[in-house]
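Let me begin by presenting the structure, written as structure tokens, before commenting on it.
The values are calculated or read from the model by the stated rules, or taken from the named source; none is laboratory data. Note that the coordinates shown come from a computational prediction; the quantities given were computed from them, not determined experimentally. Cβ coordinates were reconstructed from backbone atoms using ideal geometry, including for glycine residues, and neighbour counts include every protein chain displayed.
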Amino acid sequence: MENFPTEYFLNTSVRLLEYIRYRDSNYTREERIENLHYAYNKAAHHFAQPRQQQMLKVDPKRLQASLQTIVGMVVYSWAKVSKECMADLSIHYTYTLVLDDSSDDPHPAMLNYFDDLQAGREQSHPWWALVNEHFPNVLRHFGPFCSLNLIRSTMDCKFTDYIICPYEEANGSETTVFEGCWIEQYNFGGFPGSDDYPQFLRRMNGLGHCVGASLWPKDLFDERKNFLEITTAVAQMENWMVWVNDLMSFYKEFDDERDQISLVKNFVTCHEITLDEALEKLTQETLHSSKQMVAVFADKDPQVMDTIECFMHGYVTWHLCDARYRLHEIYEKVKDQDTEDAKKFCKFFEQAANVGAVAPSEWAYPQVAQLANVRAKDDMKEAHKPILSSIELVE
């Protein structure tokens, strides 16, 4: 494995942060912790339910980590929506992140997918059944146009992203379900010269339209009044959100065997360029997308622009502060260096940490496993209660 290009990564990150004029002021510390705990608590109780525990079959530690990551993403980025909306979105996006440990072949469960959908029957695939059950709780926050985008984007993404790989050699204890299984199981980064392939695969695995549509709850925005702005925001967010994620997650994915089909590495293969050139390509596209985002909405509805800007800054804060992305390792590595990019990166990292570095112990309690155990014990007590006759009840 070649060495990680630290200096180049610092330069690309700094250029992005400077370009968007990063300055996250979405919350006070107290507000951030309050919203984190509210969204987490509701989501944790949801996933602690016996039905969710039985059907998801996710390792408790992985479920806990996934939930904490997603709650952070939603609260930091969706800073303008209600706490109730944050909680429902946290549940929805956690479903998109958790990986099903089942080794069952999904083919039989998906044979009647459309027939069941059309007839209003519960889906045979347990993941789909649970997502569909919760979906009305998400859609109630949005008007019909945003709801349609949420539904379409979830179906586009999830049908390909959460299929159990039927090939045993591609399965590991943590990878029985993974994004784009039937493509990525081959570690296929595309054929040289297939320039459209990297973005095709990234769009397949992304949730850009779902994210873009979920920024506009009906209690804050009139879809009919802001229809043009919302439509444009959904279009722009598709690329900006996933490209920033690819850029900020490049470090954690660099030497992870499960993450070798990344957008940057697929650029290397398909465009026949070096790793630095691929990272620069991603950087330029991210900067261009950021430029468009700012320029297009600068003279539009101020509330729309404010929502987009708060999302952009909060989304960056989340990446810099969430342990999943391991960017604190970069900070520790370069904090004593005297280069301009190292100094700027560390300044941005410290700025993000000052507002966004909140220990999970301050908000992510109780743990899902604890709640599930309490529910199980309560159910057992209820099952062993003596059945009283009507006369005994009166007495």
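What number of residues within region 16-53 are among the charged types (D, E, K, R) and either in contact with a strand residue (DSSP E or B) (Cβ under 7 Å, 6 or more places away or on another chain) or buried (at least 17 other Cβ atoms within 10 Å of the Cβ) (or both)? So the answer is 3.
Within region 225-253, the set of residues being surrounded by fewer than 20 Cβ atoms within 10 Å (Cβ to Cβ) and among the hydrophobic types (A, V, I, L, M, F, W, C) comprises F227, L228, A235. Within region 108-122, being surrounded by fewer than 11 Cβ atoms within 10 Å (Cβ to Cβ) and either on the phi > 0 side of the Ramachandran plot or at pLDDT below 85 (or both) holds for P108, G120.
Across region 254-293, the number of residues qualifying as crowded, with 19+ Cβ neighbours inside 10 Å, of a type outside the set (G, A, S) and part of a helix (DSSP H, G or I) comes to 14. The single condition among (1) at pLDDT below 95; (2) surrounded by fewer than 12 Cβ atoms within 10 Å (Cβ to Cβ) that A376 does not meet is (2). The residue pairs whose first member lies in region 279-307 and is in contact (Cβ under 8 Å) with a residue 60 or more places away in the chain, whose second member is basic (K, R) and assigned to a loop (DSSP other than H, G, I, E, B), and whose beta carbons are closer than 6 Å, counting only pairs six or more residues apart or on different chains, are T307/K80.
The residues of region 308-351 that are in contact (Cβ under 8 Å) with a residue 60 or more places away in the chain, of a type in the set (D, E, K, R) and either loosely packed, with under 15 Cβ neighbours inside 10 Å or not in a helix (DSSP H, G or I) (or both), listed by number, are D322, R326, E329, K333. The helices (runs of 4 or more DSSP H) found wholly in region 133-221 and carrying at least 3 residues that are at pLDDT 80 or above occupy 144-161, 197-205, 208-213.
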